[in-house]
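Beneath this line is the structure, given in structure tokens, with notes to follow.
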């Protein structure tokens, strides 16, 4: 599978929702954005784990978008799978 290049950026994603957005995948970039509003409150090790987790989580959504993994029609299922994927990736880096 030939995947497009993806941009990773660090941005203040704001607090416009009822919860803080940790990161997001934007298929138009494609891009992964990591929320500096959260990241800047962390110590180095916690920040490293946060970034690794966020990238892995959003990378799963990128793979859904590109057809690398099966996309679920239910957002809750997609989010659960992305979290499981991120936990596996994070465990590989411990």
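What follows draws every value from the coordinates through simple rules; no lab data is involved. Only a predicted model underlies this, so the values are computations on that prediction, with no experimental measurement involved. Ideal geometry is used to build each Cβ from the backbone, glycine not excepted, and the neighbour counts take in all protein chains shown.
Specify the angular offset, from 0 to 90 degrees and rounded to the nearest 10, of the alpha carbon long axis of helix 75-92 from the longest principal axis of the alpha carbons in the chain. For helix 75-92, the angle is close to 70 degrees.
Can you sort 12, 26 by how many other beta carbons sit within 10 Å, fewest first? Don't skip to the answer; put the middle values down first.
Values: 12 12, 26 16.
Lowest to highest Cβ neighbour count: 12, 26.
Under a 10 Å cutoff between Cα atoms, tell me which one of 56, 31, 47 has the largest fluctuation in the Gaussian network model of the chain. Residue with maximal mean-square fluctuation among 56, 31, 47: 47.
In what sequence do 55, 8 fall when counting other Cβ within 10 Å, fewest first?
With the fewest neighbours first, 55, 8 line up as 8, 55.
Fewest neighbouring Cβ atoms within 10 Å first, the residues 28, 52 line up as 28, 52.
Estimated from helical segments only, the mean residue ellipticity of the chain at 222 nm is -15500 deg cm²/dmol, where each DSSP H run of four or more residues counts as -39500 (n - 2.57). When DSSP beta bridges are limited to those with both residues in the range 1-71, what percentage is antiparallel, rounded to the nearest 5? Counting DSSP beta bridges with both partners in the range 1-71, the antiparallel share is about 45 percent. Here, the range 7-92 is characterised by an Rg to Rh ratio of 0.96, where Rg is the alpha-carbon radius of gyration and Rh the Kirkwood radius.
How long are the semi-axes of the equivalent ellipsoid of the range 34-82, defined as square roots of 5 times the Cα gyration tensor eigenvalues? Whole Å, largest first. Show your work: numbers first, answer last.
On the way: eigenvalues 133, 21, 13 Å².
Output for the range 34-82: semi-axes of 26, 10, 8 Å.
Quick one: helix 44-66 against the long Cα principal axis of the chain, what's the angle to the nearest 10°, folded into 0 to 90? The helix 44-66 is inclined about 20 degrees to the chain.
Note on residue 8/residue 43: beta-carbon distance plugged into 1/(1 + (r/R0)^6) with R0 of 22 Å gives a FRET efficiency of 0.55.
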